[in-house]
Amino acid sequence: MLATASLRGFQGRWTLRMRALLVTLLLWSGIAAAVEVDGHIDSAEWANAQHITDFRLTQPLTRATSPYPTEAWVLSTPQGLAIAFKCTQPASVPRTRQRSQRDQDGPLDRVNLIVDFDGDGHTGYNFMVTVNDDIQDEVVTNENQYSADWDGNWKHAVSEDGDTWSVEMLIPWYIAPMRKVSGEQRTLGVYLDRVIGSTGERVAWPTASYEQARFLSDFTRMQVPRYSQSLLAITPYVSAVYDNVQGKRQFDTGADIFWKPNGQLQLTATLNPDFGQVESDDLVVNFSAVETFFSDKRPFFTENQGYFSLPFGSLGNASQLIYTRRVGGPADDGRGSGDVTAALKVNGSLGSLDYGLFAATEADPVGRDFYALRTTHSFVDTGIGEQDVGATITRVHRPFLDRDATVFSLDHVWQPNAQWNIRSQWVGSNIAQAGDSVRDSGVQVRVDGDMGKGWRQQLYALHLGANLQLNDFGYLQRSNFNYLRYEIDHRVTDLPKESQYTSHDWHYALSTRYNDRGMHLYEALAIDRQSSFRNGGREYFNVGLNGHGHDDRITRGNGAMKIPESLHSYFERSRPRIGHWAFSGSLSAVATGLKGIRGTGLQGYFEPIYFINDNLIIFSGLSANHAPDMLIWQRDNLLGSFRVNQFSLDAGLQWSIGSKQELRVKLETIGLGAHLTQAWRVAADGTPVAVNEPVSDFALRNLGFQIRYRYELAPLSNLYIVYARGGSLFEQPGLDATDEFRNAFDLRDAEQLLIKLSYRFEI
């Protein structure tokens, strides 16, 4: 019995000890797993995090040890990826405290986290928090191309304590699609940086830079426990619009749906989406043969759109295979805009294969149907470097035009080593319309090389077939084009301490252009320099010379015209806030007509910004443009040389009313007057021939005015009240630019009051 009692006592003591140990483990697990996002870095909460202190200067890109002590912690928790920053900033380095709207850039004290959730260098998600707890979130694709047209739901908080300020973030695992992984670990690509607003300096870990050809690929790979979260979010909306010009009222309802059952599948859908103008496009005057490009601001078309970001046909982001502004754009019958009834987007992965599906449909017999399917695969251990391949197919059905447009694309990225990055892409189009079929293709290759010691080089080659057609769903500035460009760049950071600059980036480029029928268009030589000042300011200048050649687009298919040499130059300077004032300005000289360099015009822009306080700013940008010889197409092969004057105003205010409310006022006006100096016909050999045919002087005026109030009810849930007024007038003949500019304020083609309420329910 004594033995039994002893055994029972031992078991009891062992049970108590095990319970105590279990409680300790649970408490430890809770501390490790749960982070209270309040901006105060508690040592117990972050005890098991990876601690990072080796921040180095990347702006300027010296890779020197950070002059501003910065610490960061990275911790994977079941609730999400937790990040903390502790930033030391003495009183001698002033903190920029002006408030900013979501996704607004500026010279602000801030920290950035960029996460590549698959660790493959394809897509990064940027989460930025300022010292005022204002935020920005962006998607990074194609190594270093940023898009702010995305908003996520994540937690953040800021605190200040003497010479330090701290940030905590929690990024939920449902924020983005992630590839399925085997085992209990996931590999992330992680990048952290901090920007000092008053100097423009940036310190980062690792020492990657978005100014280089490789950025996402240079992130630090980090092993974290594999977690997954599911989410179902429904965001219904109701809107009411009153048209004060036509005296009409319109009410509408719809919903956005976000469903992520696991890490490998994410679905976004929209029903009867509301495209009321809570955002507004900038006013543009465009006389060229190239369509104006506008970025998309509609939530569904920006949510996790990075996977479908496929630039093709230019060095920048404008030309691309999928241009979402086509959906709901001008209807094929010319009567208003397309009425989108529903759209669907799916992102997911099957093993090492990623895929995305996009579909949208418009109502009415003239409505179009849009489809896109994309898949990608990564090859890491190839023995000859990392490689990624992708395939995309898009299709647009346009019944009113009896037209079906299909585009197929193959893209390949090869990184043989850390110095070289080679991107190539082939695209083919097949257009079937009214019983006829037209096919053609295009290809581009871009080779980026790092030569060391601040030197880089790039070779870009592009071929676009004469019958290649991408603009049913995509955006391509032109087809029938061959382009070859070589650029060499040099970054200078070892400037003397007494210099007002911290760095210079020099770019030297030589290029040539032919159309696909062998016609020589022109060669170009360009030199530019981007510079950073020690006070956080920026400077940019560019000078270029275009050789003589041909313009095969200006007559819209009615013959190519010989053009003379032309010179263009551009200078831009910005100074960050000092006291109550900041400013930016630019001056450019460009030739746009047949006089060549002798016909060079001037354009100046100046924008002062006055900070009434950290929450309220007023800005007013005025532009003046004089073009003594602007060539503008009239009809068939008839053109006119005009003396053009233009005045533009871009003014407004931004008021951050606490953390939940904001008021924005934006005013844009344009006044333009054009007086004919000579009419021209294009001869069969391309020679411009002066003629006496009647071509009228003309003038135009534009107005865009918006007052927008936003109240944030909850994350991604808002009440908008928007008043908008605008109009345009084309006169032939008309007044001069000054009178057109002054009279633009009387325009009232449209006047609307919009009220929109949306609320996100998460399940």
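Entry for segment 329-372 at q = 0.16, 0.17, 0.22, 0.33 Å⁻¹: log10 I(q)/I(0) = -0.51, -0.54, -0.71, -1.11, Debye formula applied to identical alpha-carbon scatterers, no solvent contribution. Candidate cross-link partners of K260 among the aspartates and glutamates, defined by an alpha-carbon separation under 14 Å and a same-chain spacing of 8 or more, comprise E303, E762. Dividing the convex hull volume of the alpha carbon atoms of segment 551-688 by its residue count gives 133 Å³ per residue. Stretching the chain fully between L757 and F293 yields a gain of 164.1 nm (0.36 nm per residue, less the alpha carbon separation).
What Kirkwood radius, in Å to one decimal, follows from the Cα pairs of segment 611-763?
Values: mean 1/r = 0.0535 Å⁻¹.
When all Cα pairs of segment 611-763 are included, the Kirkwood radius is 18.7 Å.
Which peptide among 367-378, 535-546 comes first, and what is the full order, when sorted by highest mean count of other Cβ atoms within 10 Å?
In descending order of packing, they fall as 367-378, 535-546.
Between Q104 and Q250, full extension at 0.36 nm per residue minus the direct alpha carbon distance yields a gain of 49.4 nm. For K562, which aspartates and glutamates qualify as cross-link partners when the Cα separation must be under 15 Å and same-chain residues fewer than eight apart are set aside? Within the straight-line cut-off, K562 pairs with E523, D551, D552, D685.
Which links in K86/K756; K497/K660; K297/K660; K155/K180; K297/K595 stretch past 32 Å when you go from one Cα to the other?
K86/K756; K497/K660; K297/K595
Taking Lys and Arg as +1 and Asp and Glu as -1, the other residues whose beta-carbon sits under 15 Å from that of R643 total -2.
Work out the P(r) tail for the chain: percent of alpha carbon pairs separated by more than 45 Å, whole number. That fraction is 28 percent. Give me the percent of Cα-Cα pairs in segment 31-144 that sit more than 20 Å apart, rounded to a whole number. Result: 53 percent of Cα pairs exceed 20 Å.
Its residue count N fixes a reference of 2.2 N^0.38 Å for segment 411-565, and the Cα radius of gyration divided by that reference is 1.34.
Here segment 346-440 has 61 percent of its accessible surface on carbon and sulfur atoms, given a 1.4 Å probe and all protein chains in place.
Inter-label distance, M519 to S352: 4.8 nm, where each label sits 7 Å from its Cα along the C-beta direction.
Sorting the segments 219-225, 157-163 by their residues' average number of neighbouring beta-carbon atoms within 10 angstrom, most packed first, yields 219-225, 157-163.
By the equivalent-ellipsoid construction on the alpha carbon gyration tensor, segment 514-580 comes out with semi-axes of 39, 13, 9 Å, ordered largest to smallest.
Think of a 1.4 Å ball rolled over the protein heavy atoms: the chain then has 45 Å² of accessible area per residue.
The fraction of accessible area contributed by carbon and sulfur in segment 661-706 is 55 percent, rounded to a whole number (1.4 Å probe; ligands and nucleic acids excluded). With N as its number of residues, segment 485-537 has a Cα radius of gyration that, divided by 2.2 N^0.38 Å, comes to 1.70.
For segment 61-107, the Kirkwood estimate of hydrodynamic radius, built from reciprocal distances between every pair of different alpha carbons, is 14.1 Å.
The Cα atoms of segment 190-319 cover 59, 47, 37 Å along the three principal axes, with the biggest extent listed first. If I compute solvent accessible area with a 1.4 Å probe over the protein chains, what percent of it on segment 278-320 is carbon and sulfur? Its accessible area is 56 percent carbon and sulfur atoms.
The values are calculated or read from the model by the stated rules, or taken from the named source; none is laboratory data. These figures come from a predicted structure and were not determined experimentally. In this analysis, Cβ positions are derived from the backbone assuming ideal geometry, glycine residues included, and neighbour counts consider all displayed protein chains. Heads up: the accessible areas ignore ligands, DNA and RNA and are worked out on the full protein's heavy atoms, side chains in. Shrake-Rupley method; radii C 1.70, N 1.55, O 1.52, S 1.80 Å.
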